[in-house]
Structures are given as structure tokens and as C-alpha cells.
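As C-alpha cells, the structure follows; a few thoughts come after it.
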Amino acid sequence: MNPDGPAIVEYTLKSNPRININVSTNGSARDREYWSQLGKNRINVWFCLDGLEDTHSLYRQDTNFQTVLKNAAILKSTGGKPIWQYTVFEHNKHQVETAKQLSKDLGFVNFVIRPNNRPNGPVFNRQGQKVFHIGTKNSNNIPDQIDEDFVRNNFKNSKLSGTRSKIQC
């Protein structure tokens with residue numbers, strides 16, 4: 001979500017007008033002007049929407065489903081080609097057909113299903129609290145709260161092991 005994204009795309013297209021540009025994004029950032037400028041370049045933008053409103057942010061944390069849809073609509077209204085990319089997880093697999101129909105109703109040019117290649121495990125919020133578990137639960141002994149001591153004791157060879165700053169999960 002580089003703030004210079006539209007300018008970079010314009011420069012690239014001027015340098016090679018035959019190039020095919022694809023952008024992949026969670027689509028939850030930037031303003032109307034940003035999405036309008038990207039759309040005017042008629043590029044493909046893959047919006048990673050992993051479920052519907054009730055399941056999307058379980059994996060795509062800190063995103064807003066309605067904001068992503070709004071940004072895709074702005075992109076499309078100015079000439080861009082929004083593509084809905086759906087990563088299938090256990091918690092959202094029951095919504096694939098509904099999401100596919102919604103993508104058609106909203107004017108996405110394609111709906112692409114992507115298999116989940118993420119290992120099973122917990123999902124933590126920015127405060128290090130477990131908020132969800134992707135896949136089947138396993139006995140990996142990860143606590144419900146990640147703190148500096150846990151990181152220091154379990155990731156001795158990582159850059160995080162000596163940190164005293166706030167942990168970003």
C-alpha cells in the first residue's frame with residue numbers, strides 16, 4: 001500500500017504500455033483518490049477477501065470488509081479491474097459460493113479460490129492475545145497470551161529474542 005502506488009503504476013505504464021500490471025492487496029487502506037488513480041490505469045487489483053464480513057478479518061486482521069468492498073467499487077468505477085481472491089480456511093469454506101455470487105453482484109471481474117497453505121495455529125492480536133485458532137487445534141503449547149518472556153524463551157536465535165519493545169503479532 002505504498003502511498004506512491006498510483007504514480008509508480010503510471011510511470012511503469014508509460015515506460016512499457018504493453019505491460020500487464022497486477023496488484024495484490026488486503027484493500028483496506030488509502031482514500032478514494034488513491035483507488036480512483038489506480039483505477040484510471042485500468043490495472044488488475046487482486047483484493048484478498050478471505051470470507052464474508054463475519055469471517056474475513058479472522059485471518060486478515062486490522063482490515064474492514066466493508067472498506068475493502070468500497071475501495072474495490074471505487075477502483076472499478078474509474079476503470080480498474082477488481083479481482084476477488086479468496087483463501088479457503090476451515091472457518092470460511094462454507095461461504096465460498098455466497099462470496100462468489102457477491103463478487104458477481106458487485107462487479108468483480110473474477111473470483112479466484114486459493115488454497116490455504118498456512119499451518120494450523122493461533123492468531124494473535126497486536127496485544128499478543130490469542131483471538132482465533134486457524135485450522136484444527138494442536139498441542140503446540142502456545143499460550144493464550146504472548147509476552148516478551150515467551151518470545152525470549154522460545155525464539156532464542158531470532159532478532160526478537162533480545163527486544164524490550166512492544167511485540168507486534
Length gained when the stretch ASP31-ASN44 is fully extended (0.36 nm per residue, less Cα-Cα span): 2.9 nm
Simple label model, 7 Å out from Cα along Cβ direction - THR67 to LYS100, nm: 3.0 nm
Potential extension, ASN116-MET1 segment - 0.36 nm per residue separation minus Cα distance: 39.1 nm
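Since every read-out is calculated from the coordinates, none of them should be taken as a lab result. As the structure is a prediction and not an experimental result, all values here were calculated from the model. Counting neighbours? That spans all protein chains shown, and the Cβs are built from the backbone with ideal geometry, glycine included.
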